[in-house]
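Here the structure is laid out as structure tokens; the discussion comes afterwards.
Every number here is computed from the coordinates shown, using simple stated rules; none is lab data. Owing to the predicted nature of the structure, the values given are computational and were not obtained by experimental measurement. With ideal geometry, Cβ positions are generated from the backbone for all residues, glycine too; neighbour counts draw on all protein chains shown.
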Amino acid sequence: MHRQRAIIRTLGLAAAVALSATACGPQGSGAAPAAPSAPPAGSSPAASPSAGDDKPGEASPSASPSQSPSSSSSPSPSQSSAPGPKPLMANGDESEQVRELQARLRQLKLVSTAPTAFYGSKTTAAVRTFQSQHGLAATGSVDEATWQKVQGLSRKPTDEELRPPTTNEVDAPDPRCMQGRVMCISKESRTLAWMIDGKVVSTMDVRFGSENTPTREGLFQVEWKAKEWTSTIYHTSMPYSMFFSQGQAVHYSSDFAARGYAGASHGCVNVRDKGKLSALFDQVKVGDKVVVYW
């Protein structure tokens, strides 16, 4: 019993230390993590996403005699039927091939937003429209026939088409953005819209965390602000920080301004237009809503 209590106390202390840091900074910046320090008064601790959890219901199969089929049993039709071919790209995928698909669909005037490399609802709808136009099964997923048709009717995208420097078109606001003062942040269009009572006041391009350090989605509020701030883990500058979910914040990123979507944050919402963010920082108040959605 004494040993169990000691383990619990040790784990509790380790968790408290891990949750106390503001962990944002550009991926691949080369800065080695330092020992975390506590955020200023009024801030919330930063939670680290866990990696390696099994998906619910996906237990490892175990071989037991009672589970082995007898030699006289025959498989049911549902067991013997082979699954159909897996689509090349489908809703929920994220890859450079998806980025190319989106750039080609943009050439064909089926999407207007800049490529994001994430296959979301807009890409699904555009693919379904393309398939309907060309006599293909309108599944919204890209199979081999659809991909060949898209490639045949478009040209190989340029680097600028894959990662355009221009401002992204703002996505339709999430319903939670339609009341009050809200930073409405769309992961699909990679935009931030500052909205007051359903009216868009200003917009700007944003960048998010990588697959291993994702930006949290949901309804939040601005917990605290800092015009000048430095990551306590990565020692990178985070000007105009507006913290909304423990250690995650909206802030200016010189790395985003320089490299664009070739990089990623460690979970924060990066903004590359310093002038726009400076003006927004002056308007946003602690307690204002933040909505992050696909």
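Some notes on this structure:
- The magnitude of the dipole of segment 132-290, with charges of +1 and -1 set on the Cβ of Lys/Arg and Asp/Glu and taken from the Cα centre, is near 300 debye.
- Leading residue at positive end of dipole, segment 141-225 (Cβ point charges), from Ser141, Met204, Ala172: Met204
- Summing charges over all other residues whose Cβ lies under 12 Å from the Cβ of Asp282, with Lys and Arg as +1 and Asp and Glu as -1, gives +4.
- Under 26 Å of direct C-alpha separation, and excluding same-chain neighbours fewer than eight residues apart, Lys274 reaches these lysines: Lys187, Lys199, Lys225, Lys227, Lys285, Lys289.
- Eligible aspartates and glutamates near Lys149 by straight Cα distance, threshold 17 Å, same-chain separation 8 or greater: Glu100
- Gyration tensor over alpha-carbon atoms, segment 175-293, equivalent ellipsoid semi-axes in Å: 20, 15, 14
- Simple point charges give the picture: +1 on the Cβ of Lys and Arg, -1 on the Cβ of Asp and Glu, and for segment 96-162 a dipole about the Cα centre of about 260 debye.
- One Cα centroid belongs to segment 133-177, the other to segment 235-270; the line between them spans 27 Å.
- In segment 96-162, the convex hull through the Cα atoms has an average projected area of 3.9 nm², a quarter of its surface area.
- Calculated from the alpha-carbon coordinates, segment 103-237 shows an Rg and a Dmax of 18.2, 56 Å respectively.
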